[in-house]
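Worksheet for the structure shown next.
The values are calculated or read from the model by the stated rules, or taken from the named source; none is laboratory data. Everything numeric in this text was worked out from a predicted model, so none of it was measured. All Cβ positions, even for glycine, are placed from backbone atoms using ideal geometry, and neighbour counts span all protein chains on display.
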Amino acid sequence: MADTENRPTNFIRNIIDGDLASGKHASTHTRFPPEPNGFLHIGHAKSICLNFGIAQDYKGLCNLRFDDTNPEKEDIDYVHSIQDDVKWLGFGWDGEICYSSNYFDDLYGYAVELIEKGLAYVCFLSPEQAREYRGTLTEPGKNSPHRDTSVEENLALFEKMKNGEFKEGECVLRAKIDMASSFMVLRDPIIYRIRFAHHHQTGDKWCIYPMYDFTHCISDALEGITHSLCTLEFQDNRRLYDWVLEHISIECKPQQIEFSRLNLEYTVMSKRKLNDLVENGQVEGWDDPRMPTIAGLRRRGYTPASIREFCKRIGITKQDNMVEMGMLEACIRDDLNENAPRAMAVLDPVKIVIENYDADKVEMLCAPNHPTLDMGERELPFTREIFIEREDFRVEANKKFKRLVLGKEVRLRNAYVIKAERIEEDDAGNITTIYCTYDDETLGKNPADGRKVKGVIHWVSATRCIEAEVRQYDRLFSVPNPAAADDFTATLNPDSLVVIDSAKLEPSLANAAAEQGFQFERLGYYSRDNKAQKLTFNQTVGLRDSWAKIEQA
């Protein structure tokens, strides 16, 4: 039994607890079975955490299996990326990686067994005819004219399919179940089709490939899976899953259990739609930080712990619902608030000249890397010329504005109190320089005469800072449910990416490791890009949920 302390509970775990208590199973064996036809997304993370989490908590086993039955859409690069994603999320599979293609010989044998039992036949209906014969949700289908072909002839025809003697689409192998069934999935489903395609594992050995529904249940059984966990769209397919296992000579009978898939606001979870975005150049690739892929979230600065926590918070149910993007963002915000070191960056700079500071002086000031945790200190060069954010200065302002105002004082983070004395503007009226004075008695302490300075702003040295590209990200789509639109691409957010070419950063950030996350003080959380050739930081999430105000308006 599992250690019951601090582990989640849900209806699937209740089923497992019952199976173990009754002796139906002595242990658990789950699997994560992605198709290698694209990158994994946050919805797959939910399944990864579920399947591998059960194996961990119940001290059972979990396989990583690639359901690779469609070579035309699969690629070895996807195989590698999926392995990387599972490892990055903090999980490891038991034994060797499994492939459904490892079982192609077994699958072929079981198909032959169904033919020999009179439960499968080779059908020559065209796709159009097959749709017509299939019937509708309210009308039963009708039998194919090839349904009563003899066992001997079907065996010969299937052998010809295997030997490449028919063209693609000329015929298929169908299970013989019930064309009048109220479940469409049982109306003599296709279990094998012809594909003259090179397979990334088996090469050109096969020109017939089993269908997913036929393959999946047998692969589960061959691997000794106890609980086959899948999303609700496979609920009706459970009837075919069970039918196949009942009618072939295999002992293991895994139990399929369905749970609701993850639907996340402001994005899409369809691999086809995500692939369209990649192929049409509307994003920079599968790992674009705006994408809901695990690779995209990783590049944006999400941590494995934050994604695992998100999956824990949303839980496992049978109820379909739309999860707020704010819940995912809250998880990474909570994580980085605790664990990300602080740094200073100025994204929209305006220059300050401190007129009473020595022009040749460079003072190295110490600043903590975290306000509450012991992460050490870093040095900040303080010079006569510095940059601050343009929005942090106003010529005039009311009392609610706690930043720099002409004629008033503000504290520079980890440095001195300065006072704005005068400004310089260009011909268009844009402020180019703010001239200030500083109080040299205010480093780490309040003014000696009791003056109260309430505002604090960030800054960097104008002469000792470094420049970097900073990418400001927003939600990829402008509506909560883009998949519901007639054309989901019409709802793309045109402002989902804003590139700042030469942000001014404190020099310590030059040594940031790839994927290292920081809180840019007063701005948000940022991560060094793991792909860009030059120094680039991606915005992970803001300090606060700015969308909450928009949605409430």
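Small (Gly, Ala, Ser) and either on the phi > 0 side of the Ramachandran plot or surrounded by fewer than 13 Cβ atoms within 10 Å (Cβ to Cβ) (or both) - does that describe any residue in region 421-441? Yes.
To keep it simple, each residue is scored yes or no on (1) of a type in the set (S, T, N, Q); (2) closer than 21 Å to Tyr212 by Cβ.
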position	(1), (2)
Gly135	no, no
Thr149	yes, no
Phe158	no, yes
Asn163	yes, no
Ala180	no, no
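Close Cβ contacts (under 8 Å, 6 or more residues apart or on different chains) running from residues in region 478-501 that are assigned to a helix (DSSP H, G or I) to residues that are small (Gly, Ala, Ser) comprise Ala483/Ser270; Thr491/Ser478; Thr491/Ala485.
Among the residues making up region 8-38, those that are within 12 Å of Thr226 (Cβ to Cβ) and hydroxyl-bearing (Ser, Thr, Tyr) are Ser27, Thr28, Thr30.
Please count how many residues of region 313-325 are surrounded by fewer than 16 Cβ atoms within 10 Å (Cβ to Cβ) and out of contact with any Cys (no Cβ under 9 Å at 6 or more places or on another chain). So the answer is 7. Residues that are over 15 Å from His44 (Cα atoms) and either in the same structural domain as Gly53 (by TED's automatic domain parsing) or not in a helix (DSSP H, G or I) (or both) within region 296-322 comprise Gly301, Tyr302, Thr303, Thr317, Lys318, Gln319, Asp320, Asn321, Met322, listed in sequence order.
The set of residues from region 340-396 being assigned to a loop (DSSP other than H, G, I, E, B), of a type outside the set (Val, Ile, Thr), under 22 Å from Asn430 (Cα atoms) and over 35 Å from the mean Cα position of the chain (by Cα) comprises Glu355, Arg384, Glu396. On inspection, Ile218 fails the criterion of being β-branched (Val, Ile, Thr), more than 22 Å from Thr317 (Cα to Cα), surrounded by 17 or more Cβ atoms within 10 Å (Cβ to Cβ) and more than 30 Å from the chain's Cα centre (by Cα). Scanning region 101-119 for residues that are crowded, with 20+ Cβ neighbours inside 10 Å and closer than 24 Å to Ile177 by Cα yields a count of 7. Of all the residues in region 215-250, those that are out of contact with any helix residue (DSSP H, G or I) (no Cβ under 8 Å at 6 or more places or on another chain) and farther than 19 Å from Ile12 by Cα number 2. Of all residues in region 355-366, those that are without any contact (Cβ under 8 Å) to a residue 60 or more places away in the chain have Cβ atoms under 8 Å from Cβ atoms of residues that are assigned to a loop (DSSP other than H, G, I, E, B), 6 or more apart or on another chain, in Asp358/Arg384; Ala359/Arg384; Lys361/Thr383; Lys361/Arg384; Glu363/Thr383; Cys366/Asn414. Scan region 4-17 residue by residue and report those that are outside any helix (DSSP H, G or I) and in contact (Cβ under 8 Å) with a residue 24 or more places away in the chain. Within region 4-17, Arg7, Pro8, Asn10 qualify. Here Arg238 fulfils each of the conditions (1) more than 16 Å from Asp105 (Cα to Cα); (2) buried (at least 20 other Cβ atoms within 10 Å of the Cβ) apart from (2). Just one residue in the set Phe401, Phe393 is in contact with a strand residue (DSSP E or B) (Cβ under 8 Å, 6 or more places away or on another chain), under 21 Å from Ser502 (Cβ atoms) and among the aromatic types (Phe, Trp, Tyr); that residue is Phe393. Go through the residues of region 454-475 one by one and say whether even a single one is within 28 Å of Asn356 (Cα to Cα) and either free of Cβ contacts under 8 Å to residues at least 24 places away in the same chain or of a type in the set (Phe, Trp, Tyr) (or both). Scanning region 454-475 turns up at least one residue that is within 28 Å of Asn356 (Cα to Cα) and either free of Cβ contacts under 8 Å to residues at least 24 places away in the same chain or of a type in the set (Phe, Trp, Tyr) (or both). Residue under question is Ile332, and the condition is that it be of a type outside the set (D, E, K, R), surrounded by 13 or more Cβ atoms within 10 Å (Cβ to Cβ), in the same structural domain as Thr442 (by TED's automatic domain parsing) and touching a strand residue (DSSP E or B) at 6+ places or on another chain (Cβ under 9 Å); does it hold? Considered against the rule, which asks whether it is of a type outside the set (D, E, K, R), surrounded by 13 or more Cβ atoms within 10 Å (Cβ to Cβ), in the same structural domain as Thr442 (by TED's automatic domain parsing) and touching a strand residue (DSSP E or B) at 6+ places or on another chain (Cβ under 9 Å), Ile332 comes out as no. Hey, any hits in region 60-71 for a residue that's in contact (Cβ under 8 Å) with a residue 24 or more places away in the chain, under 16 Å from Ser228 (Cβ atoms) and within 14 Å of the chain's Cα centre (by Cα)? Within region 60-71, none of the residues are in contact (Cβ under 8 Å) with a residue 24 or more places away in the chain, under 16 Å from Ser228 (Cβ atoms) and within 14 Å of the chain's Cα centre (by Cα).
Beta carbons closer than 7 Å, at least 6 apart along the sequence or on distinct chains, pair a first residue in region 176-197 that is in the same structural domain as Tyr110 (by TED's automatic domain parsing) and surrounded by 15 or more Cβ atoms within 10 Å (Cβ to Cβ) with a second that is polar (S, T, N, Q) and in a helix (DSSP H, G or I) for Val185/Asn237.
Apart from one condition, Gln282 fits all of (1) assigned to a loop (DSSP other than H, G, I, E, B); (2) surrounded by 20 or more Cβ atoms within 10 Å (Cβ to Cβ); (3) not basic (Lys, Arg); the exception is (2). Can you find, within region 122-168, the residue that is nearest to Tyr110 (Cα to Cα) among those that are charged (D, E, K, R) and in contact (Cβ under 8 Å) with a residue 40 or more places away in the chain? The extreme case among them is Lys162.
Scanning region 504-549 for residues that are of a type in the set (A, V, I, L, M), touching an Asp or Glu at 6+ places or on another chain (Cβ under 9 Å) and over 28 Å from Met325 (Cα atoms) yields Leu505, Leu535.
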